[in-house]
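In what follows, a single structure is set out as C-alpha cells and then discussed.
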Amino acid sequence: MRFSILLFGLGLLLRYCSWRYPAFKKRLAEKDFTAQIRTKDGSAGRSYTFAGGKVRSRRRIVANPDVTLTFKTAAIGARLLMPPIDPLEQINAQKDFLIALDGPDELTSWFTQTVMMTQSAGWTFGTDLGNGTMRYTNMTNGGPVFLHVKDGKIVRLTPITFDATDPGPWTIEARGKRFTPPRKTSLAPHGMNWKSMVYSPDRLLYPMKRVDFDPNGERNPQNRGISGYERISWDEALDLVADEIKRAKRVHGPGAIANSHGSHHTWGNIGYYLSANFRFINAVGMTRVHHNPDSWEGWYWGAAHHWGQSLRVGQCETYGGVADLLKEAEMVVFWSSNPEAVSGAYGALEGTIRRKWLKELDVEIVHIDPYFNDTAQFLGGKWIAPKPTTDPALAMAIAHVWITEGLYDKDFVENRTIGFDKWKAYILGEDDDGVVKTPEWGEAETGVPAKDIRALARQWGRKKTYLGAGGWGNGHGGACRNATGIQWARALVCLIAMQGIGRPGVNMGNLQWGTPVDTNFYFPGYAEGGMSGDLHHTAMSVELYQRMPQLPSMNTVEQSIPRLQLPEAILNGKAEGYVWDGKSIEAQFTKFSYPRPGYSPVKMLYKYGGSIFGTMSNTNRHVEMYRSDKLEFVVNQSIWMEGEAKFADVILPACTNFERPDISEWAALGGYAYHGQTQLNHRVIIFQHKAIEPLGESRSDFEIFNGICKRLGLSAYFSEGMTELDWVKRQFEASDLPSVVKWKDFIRRGYVVLPAEKEELRDPVSWNWFYEGRKKDVPEPMPLPSDYTETYLEGLQTQSSKIEFECESLKRFDAHDPERPPIVKYKPAMEGPSDAARFAEYPLRMMTPHPRFSFHTQGDGKDSFLNDIKDHRVLVDGHYYWIIRINAEDAAERKIGMHDLVKVHNERGAVVCAALVTQRLPRGVVHGFESCATYDPLGEPGKSVDRGGTLNLLTPEKSQLKKGHSMGSSTALVEIEPWDGKAEHRVAAKRSVKPAKTPAKPAAKSKSKAAVPAK
Amino acid sequence: MSAPDAEGSVAKEKWNLIVDVDSCTNCNLCVLACHDEHVGNDFPGYAAEMPKHGHRWIEIMRKERGQAPMIDVAYLPVMCQHCDEAPCIAAAENDAVTKREDGIVIIDPVKAKGQKQLVEACPYGAIWWNDDSQIPQAWIFDAHLLDNGWTEPRAAQVCATAALRAVKVEDTEMARIVREEGLEELKPELKTKPRVWYKNLGRYKRCFIGGSLASERDGAVDCVEGARVTLHKDADQLAETTSDAYGDFKFDGIEPDSGGYVVRIADAGEGARDVEVSVSESVYLGEIRLA
C-alpha cells in the first residue's frame, strides 16, 4: 500500500517540480517516452508518460514501456523509494538484485536522473550581492576563490574573505611572541589566473575529428600533429569513441585500450581523475599507464629503505612542525627547497605568511640550491650552490666534518639507528672505496668551497637545525628528481638521523607543513577516490568506502605500462617497470612487464587531461609514438588545445571546474599526502558552484564518461542513476560537514571554515615519540600493522624498527646493486662531466624544476595572464617565449643579452627560449621551468626546433636506477646559442626509440656536426 | 572620520599605499589581480577595459645586487603614485584627470580620449596607452570598489606578505607613519607629492659592499668568523660589522656611483688588511684571503 502511495506521490512530485521550477520544466521537454515502476509479480505499479514536455502518470502496468524499474516486492520498493534515500540500502539492493532497470541507456539514465532531480530542483545556490551580481565559491589548485557572476559571465575572481561569523586562525606562542596568521585566505599565481583560463581562446569548444581520420577507411596516423580538425556533433563523437572502444576489444582483446592521465586535475573530489575517470576506466577495462612517483622519486626508491614511511612514499610524517620550529629552531637549512615557488601542494601562499616570521626571529638560514631561488630571495641568508646532481657529495662531506669533529647526536645514533659504522667507514675512506669524503673532496665534486662546507657543517652540528628538503620540507620535488635524487634523499636521511630527528628544534620541515589545525574532522581528500568505487588504486579503503558506500569498480585488465616508457611500449611492443605502491617498503621491488601474458598489446590510447609533453622526458619520443600506426585510434579529452591535444584523432572538449558542480577541501589530498591541510592557516571546505554554463559545447568529464557509457550499456553502473550534483551531496554527507552545517546553507554560502584547535588538543610534534622511545602518537594510520617488526606502534617500519644506515631491505633485494647499495654511496651523474665527450659538446647543466607561476601546465600558454609575467614568458616579435635563465658571464661569452632569443639544444632536441641573464646562477648552470603547455614545432613534429618552450624535449629519460621506474630528468646537459631563426634541429642519426633496458648512449654524437653559431 | 578644521581638505582621511620592498617576493598576485579586475570589465567614470596583454598598471621591477655567491634580489612594485601634485593633471586637457578628495587620481575614460601626451607626462611610467580605445590608463587604487564598500584595493588584499598595505588616514597621521617606519618616496627629486610610500627602498636603490674572509692554517682554508670589519670613506669611519660563520660581511645602504671607499679588516689572529673599493653598483669583493 505504501509503495502505491509513493508511486502516486512521485507522479505528483514530477508535475509539481515542472510547475514550480522552469529548469525542471525544460528538462521534461527533452524526452518523449513511457517509464514504468512495478513489482516483480505485477501486483503493483505505475506508469509515467513523458510527452510534449508534460508528464502523466497512471496506476497501471502498460504493455510496452520504454523503461521499467522493477522492485522484487512492494515492501522493498517502499523502503527504497522513501526519502531520505539511503545510498547503502540502494547499493545493497542492486548487489542483491532486488532492483532491476530495463530499457535503453539513453532513457534509463535520463529517467533515474530526473527522478533524483526532484530532490535537487529547489536548491538555491550562491549569495546575491545585489546589482544583478551573484557570488559563488570554487576551488583552484592554488587556493579557494569567490566568483562574482553577472549576466552569466565571471566578472571577477578573488580570494575568499572571511566574515565576522567565521572562526579565527590558530596562535602559536614562541620566544615570548604570539604568532597569529592574518584572518584571510591566500592564492597562488595560477589560482589568480583562472579568469583568463576559463575564457582562453584555446578552449576546446566543440567535439572535433581529424580531417583525414576515417574509422571505416584510411586512418592516416602518420599525419597526427599535422592534420587539421573538423567540428562534429556530440552524438557523432560519442558514437565514434564508443564504437572504437568496442572495436578495439572485439578485434584485439582485453588490454587493447590504454588510459593516460596526468598527475593532477582541476579541483573537485567528484570530477578528479581518481574519481570519475577511474570508474570509467574500470567499467570499460583498460590497460593502465602506471605512474612513477614523480615528485617523490628519491624518497620512494631511496629514503624509504632507511626510515620506512612508505605510505608517505618515503617522505616523513609532518605534525607540529610549525610550532616546534618557531619555538626551538636556531637554524633552518633549505636544501633544494623552494616553497615560495611551489606552494607545497596546493597550499597557495599560506606558508609564505609563516616564513615571513623567520625574518623576525634570530634563526640562521641557509639555502642549498644551484639557483638563488625564490625562497632565498625572500628570506635571505647564506646561499650555497652545488653543481646540479652533486648534492649527495655535499651531504657526505658534511657528514665527514660531523664525524671527525664529533658534531652529531651519538646517543641517538647508538640507540635509535643501526648500521652507522658501515656508513662511517665509507665516509672516512676506510672501506673498499678508499676515498675520504673530506670537504676538499666535496669541493672538487660540487664546486662549493671546502671552507664553506666546513662552516656549514659546524653551524649545523652545533645548532638545533630544521632541515627543509624539497618543496614540502619533508621531501618532494627538487633534487629528488634528478639523476642522483635517490642518493640525495638517502643522504639527507642519514644526516638528519645523525642530528637526532625528533628532539625539540631538530626535524624535517620548512614551515610549509605542520600547522596546528584540527586533524580529526573528516573531509575526504581527492586521493580517496570520490565516486570511483576503486578500492585498489585509490585510498578509498582507508575510510571513504564505509562513509560513502558505492558500487565497487574493478578493472579486470591487469596489464600496465610504466609511464616513463609509454612510447617504447607502443612503438617497440614491450616495456618493463617497477611498481609504485606505498603499502610497504618492499612493494617497489616488484617488477612488471608489458605486455602481460595473454593480453592484447595497446592499440588505442585514451588520453585524459593536460599535455605531458612538458612534464615527461625526452618527449620527442611521445611525438613519434603518436605518429605511428601502432596506435589505431587516439582520443583526447581535455579543456584546452595544448601541445598534446593536436595529436588526437578525436577531441572531446571538457569544461573547467567553474562550469560544473563539485565539492572539496583546500589542500586536502589524503592518501599518500595525508593531512595536507596542515599547510594551511585555516581549514576551508568548499561547495564548488557551477558558476557559469559550460562554454561552447564543452561538458563536464562526468557527462562525457556517462555519454560513452550509455552507448556501452554501462550508464547505470557508472552513474548509479545519479547526476553529478547528487554525487556531490553524497560526498557532503559522507564527511563530518553535516555536524556543522546544513546542506541548504552550505550550497548557498559555499564555504565552511573550521575552528582552530586549542593548545591542549593539538597534535604532538612528529618524531618526538621516536626520539624518546615512546609509542607513535601522531594521527596517521600508517604503517600498516603487519609492517611492524615487533610491537604495534613501537618503532619504524624498517626490519630493525630503527633508522637504518645500512638498509636491511636493500640487502634482501640486491646487496650488490651499484646503483643502490645497502649504504648510500656517491656515484656522479651520467649526465655530467663524467661523460667527458658529451660534456665537451654540451657544457651547460640545465635544471628544470617545477614552475612557479603556472601549476604544471595548468595556466601556461593559452593566452592567459601569466604570459605577461616576465619570469614566465617574454613577448618578442609577437610571440611569448619561455624563459631560460643563464649566468651573466656564460651569456656574455656567447654574446647573449637580456631577452635575446636563444636555441637551447642537445642531441635530443632544440627549443627556442628568451634568455634571462642573471647573477642567480653560478657559471655552467642554466635554469628553465618544466611543464610547458605548448608544443610548437617549426617544422616536422619530433624533428624540428620547438618554439613553444618544451624544455622536456631535452631531458634524459633514463630511470635513476634499472631496478626502478624513476624520473632522473630534472638536470640535462645542453648548449645555448643565439637562435639563427632556422627550424631544423640537428637530428640524432638513430631516431628509433631504444628499449629502456639498454643504458642510454649518446648514439648520435659520432655522426653529428658541431652546431657552430654563424657569428 | 574627519575632524572639523578651517582647511577641510587637510583634515580629511585620504588613501595612501605603503610598499615594503623587503617583503615583495615577485609572486605577481597584485599584477594578476589587477588584470582580473580590469580585463573584460568596464567601470564607467573610473576605468575602461584594460587590454588583455601589454599593460602592467602594477609593474614589478627587479634589481639583482652583487655577484654570485653573494647576491640579493629586490622586487619593486610600481604603479600610479596618485600624486598630490600630479604632472598628468597639469598635462591634461579638458579636466580629463582629477584628484578626488580621498587622494585618488582618476583619468576620466571618456574625457581623456586621444590624450597620448599623458603617457609621457608621467615620470613614473605608470600611464599606459590603450591602442584600441585610444585612452591613457593607470591603476585607479580600485576606487570603484572602495566606493562600494571594499576596505582595501585588491592588490593589498591578495598580498600574502603585506608588502602592499593601503591606509586611509589624515595627512598628518601619514606624516607620522612616514617618520616612524622610515618610508621614502620613489623619486623624491621629482617633488610630485606621491601617495605611494616605500619602505626598505634601499634594497632596490642603494648598494652594498661585501666580502668573504678566509684564512689558511695547517694546509686547510677556513672561513674567518668574528673579524672586525669597518667601512671608511676619506677620513670617516662609516660603519662597523663582524664577519659571520662563513666569513661573510656586508655593508648596505651605500649610494650608487659614490666613488671610493676603504674596507678595513682587523683580525688579531689572521692579520689586518685594507681593501680599496670603487662603488658604481653593489660590489662583492669575493674571497679575501687573510693568511
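Using the heavy atoms of the protein chains alone and a 1.4 angstrom probe, what is the accessible area of the protein assembly as shown per residue in square angstrom?
Value for the protein assembly as shown: 35 Å² per residue.
In whole percent, how big is the carbon plus sulfur part of the accessible area of chain A, probe 1.4 Å, protein atoms only?
52
Based on the Cα atoms of the range A:86-183, what semi-axes does the equivalent ellipsoid have, where each is the square root of 5 times one gyration tensor eigenvalue, given in whole Å with the largest first?
Computed over the range A:86-183, the values are 43, 24, 12 Å.
Please get the size of the charge dipole for the range A:438-569, origin at its Cα centre, with Cβ charges of +1 on Lys and Arg and -1 on Asp and Glu, quoted in debye to the nearest 20.
760
What whole number of Å gives the distance from the Cα centroid of the range A:879-904 to the Cα centroid of the range A:476-504?
33
If I histogram all Cα-Cα distances within the protein assembly as shown using bins 10 Å wide from 0, what percent of pairs lands in each bin?
With 10 Å bins starting at 0, P(r) equals 2, 9, 16, 21, 21, 16, 9, 4, 1, 0, 0, 0.
Using a Förster distance of 22 Å, how high is the FRET efficiency between B:Glu216 and B:Glu240, based on the Cβ-Cβ distance and rounded to 0.05?
0.30
Per residue of the range B:54-60, in order, report the coupling 6.51 cos²θ - 1.76 cosθ + 1.60 (Karplus, θ = phi - 60°) as ³J(HN,Hα) in whole Hz, putting x for Gly and Pro.
x, 9, 9, 4, 10, 10, 10
If the convex hull of the alpha-carbon atoms of the range A:746-851 is projected onto planes in all directions, what is the mean projected area in square nanometres?
Across all orientations, the range A:746-851 yields a mean hull projection of 14.1 nm².
Taking the Cα centre of the range A:251-340 as the origin, how large is its charge dipole in debye, to the nearest 20, when only Lys and Arg (+1) and Asp and Glu (-1) carry charge on their Cβ atoms?
Approximately 540 debye in magnitude.
Enumerate the amide H contacts of A:Val925 below 5 Å, restricted to partners 5 or more residues apart or on another chain; note that Pro and chain-start residues carry no placed amide H.
A:Arg845, A:Asn887
Between A:Asn572 and A:Glu733, what is the label-point separation in nm under the 7 Å Cα-to-beta-carbon projection?
5.2
Restricting the count to DSSP beta bridges whose residues both fall in the protein assembly as shown, what percent are antiparallel, rounded to a multiple of 5?
For the protein assembly as shown, the DSSP antiparallel bridge percentage is about 65.
How tilted is helix A:234-251 with respect to the longest principal axis of chain A? Cα atoms for both, answer in degrees (0 to 90, nearest 10).
Roughly 70 degrees, rounded to the nearest 10.
Where a Cα-Cα gap under 27 Å defines reach, which lysines qualify for A:Lys209, not counting those fewer than 8 residues away within the same chain?
A:Lys246, A:Lys249, A:Lys603, A:Lys607, A:Lys630, A:Lys646, A:Lys710, A:Lys862, A:Lys943
Would you mind getting me the FRET efficiency between A:Val876 and A:Asn520? Use the beta-carbon distance for r and R0 = 60 Å, nearest 0.05.
0.65
Could you please state, rounded to a whole Å, how far the C-alpha centre of the range A:630-707 is from the C-alpha centre of the range A:210-281?
Answer, in whole Å: 16.
Treat each spin label as a single point 7 Å out from the Cα along the C-beta direction, and report the A:Leu712 to A:Glu558 distance in nm.
According to this spin-label approximation, the distance is 2.1 nm.
Where a Cα-Cα gap under 14 Å defines reach, which aspartates and glutamates qualify for B:Lys52, not counting those fewer than 8 residues away within the same chain?
A:Asp863, A:Asp868, B:Asp36, B:Glu37, B:Asp42, B:Asp131, B:Asp132
Assuming 0.36 nm per residue, please report the length gained on full extension of the stretch A:Lys963 to A:Ala837 beyond their Cα-Cα distance.
Full extension from A:Lys963 to A:Ala837 adds 42.7 nm.
Taking the 0 to 90 degree range and rounding to the nearest ten, how far is the long axis of helix B:29-38 tilted relative to the main principal axis of chain B, both from C-alpha atoms?
Approximately 10 degrees, to the nearest ten.
Could you tell me what percent of the accessible area of chain B is made up of carbon and sulfur, with a 1.4 Å probe and every protein chain present?
Summing carbon and sulfur atoms, their accessible area is 48 percent of the total for chain B.
Report the residues of the range A:763-784 in range of a label on A:Thr791: point 7 Å along Cα→C-beta, backbone N strictly under 12 Å from it.
Only A:773-776 fall inside the zone, counting backbone N under 12 Å.
Taking Cα atoms, how many degrees apart are the long axis of helix A:391-405 and the longest axis of chain A, rounded to 10 and kept between 0 and 90?
Between helix and principal axis, roughly 50 degrees.
Calculate the length of the line joining the C-alpha centroid of the range A:61-81 to that of the range A:142-177, in whole Å.
With the range A:61-81 and the range A:142-177 each reduced to a Cα centre, they are spaced 48 Å.
Taking 0.36 nm per intervening residue step and subtracting the Cα-Cα distance, what contour gain separates A:Val211 from A:Arg596 on full extension?
Stretched out fully, the A:Val211 to A:Arg596 stretch lengthens by 135.1 nm.
Using only the Cα atoms of the range A:1-107, what do you get for the radius of gyration and for Dmax, in Å?
So, for the range A:1-107, Rg and Dmax equal 13.8, 38 Å respectively.
For labels at A:Lys95 and A:Asp629 in the simple 7 Å Cα→Cβ model, what's the distance in nm?
The modelled label-to-label distance comes out at 4.8 nm.
How large is the dipole of the protein assembly as shown about the Cα centre if only Lys and Arg carry +1 and Asp and Glu carry -1, each at its Cβ, rounded to the nearest 20 debye?
Result for the protein assembly as shown is approximately 4120 debye, rounded to the nearest 20.
Past 27 Å, Cα to Cα, is the threshold; run A:Lys356/B:Lys14; A:Lys958/B:Lys63; A:Lys177/A:Lys870; A:Lys382/A:Lys437; A:Lys184/B:Lys12; A:Lys382/B:Lys191 against it and keep the listed order.
Where the Cα-Cα span goes over 27 Å, the pairs concerned are A:Lys356/B:Lys14; A:Lys958/B:Lys63; A:Lys177/A:Lys870; A:Lys184/B:Lys12; A:Lys382/B:Lys191.
I need to check one value: relative contact order of chain A, counting alpha carbon pairs closer than 8 Å and at least 6 residues apart, in percent.
Once normalised by length, the contact order is 16 percent.
Would you calculate the convex hull of the Cα atoms in the range A:784-919 and tell me its volume per residue in Å³?
Spelled out: Cα convex hull of the range A:784-919, divided by residues, is 209 Å³.
For A:Asp814 and A:Arg175 in the same chain, what is the full-extension length gain: residue separation times 0.36 nm, less their Cα-Cα distance, in nm?
Stretched fully, the A:Asp814-A:Arg175 segment lengthens by 225.2 nm.
The values are calculated or read from the model by the stated rules, or taken from the named source; none is laboratory data. Everything quoted here is computed from the prediction, not taken from an experiment. Here the Cβ is made from the backbone with ideal geometry for all residues, glycine too, and neighbour counts use every protein chain on show. What goes into the accessible areas is simple: the full protein's heavy atoms, side chains included, and nothing from ligands, DNA or RNA. Shrake-Rupley method; radii C 1.70, N 1.55, O 1.52, S 1.80 Å.
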